[in-house]
Amino acid sequence: DNRESFMDLKNWISKVEEVCGKITCVLVQNKIDLLDKAKVDAEEVEKFAKDHQMKLYRTSALKNVLIDDVFDYLTEQYLSKGETKQAVETINKQDTEGADEEKESRDGDVRPNGTVKLGPSKQRTGGKKKKGCAIL
């Protein structure tokens, strides 16, 4: 439901591929209970998913619609393609970094070890911290 987030997708995909290579990604259009207020029309979302060879999920966290399906699909894909080792290595690298490096890096920065610091956009969240994660 946020045009700015939708327009940023290509940049986020590039950053993820730069660090992780080509991995399984999905496009999640959340808040389907508010589709009548969406800033991005359904056809545009479908075209983006098709053009980027991504599976599209329309979800509602509020109503718990298809949330588990997204994670089930990604888990199946990671296990079937052997991406688990790569993902674990990336997480382990991130865990071994010092706290000073964490403070110095900004969201979207590629760290020296090849990981990308991800976080909510202050512009989109109004500077408020949000808990949770987004999966491409």
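Results for (1) polar (S, T, N, Q); (2) touching a residue at least 40 places away in the same chain (Cβ under 8 Å); (3) at negative phi, shown as yes or no for each residue.
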site: Trp12; (1), (2), (3): no, yes, yes
site: Glu17; (1), (2), (3): no, no, yes
site: Gly21; (1), (2), (3): no, yes, no
site: Asp36; (1), (2), (3): no, no, yes
site: Lys39; (1), (2), (3): no, no, yes
site: Ala42; (1), (2), (3): no, no, yes
site: Phe48; (1), (2), (3): no, yes, yes
3 or more residues surrounded by 14 or more Cβ atoms within 10 Å (Cβ to Cβ) and not aliphatic (A, V, I, L, M): qualifying helices (runs of 4 or more DSSP H) within the range 3-64: 9-20
Do we find that Lys128 is modelled with pLDDT of 85 or more, assigned to a loop (DSSP other than H, G, I, E, B) and of a type outside the set (Val, Ile, Thr) in this structure? no
Residue match in the range 107-122 (condition: at pLDDT below 55 and either in contact with a His (Cβ under 9 Å, 6 or more places away or on another chain) or in a helix (DSSP H, G or I) (or both)): yes
Can you tell me which residues in the range 9-31 are within 17 Å of Ile67 (Cβ to Cβ) and among the aliphatic types (A, V, I, L, M)? Val26, Leu27, Val28
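The values are calculated or read from the model by the stated rules, or taken from the named source; none is laboratory data. All values reported here derive from a predicted model rather than from experimental measurement. All Cβ positions, even for glycine, are placed from backbone atoms using ideal geometry, and neighbour counts span all protein chains on display.
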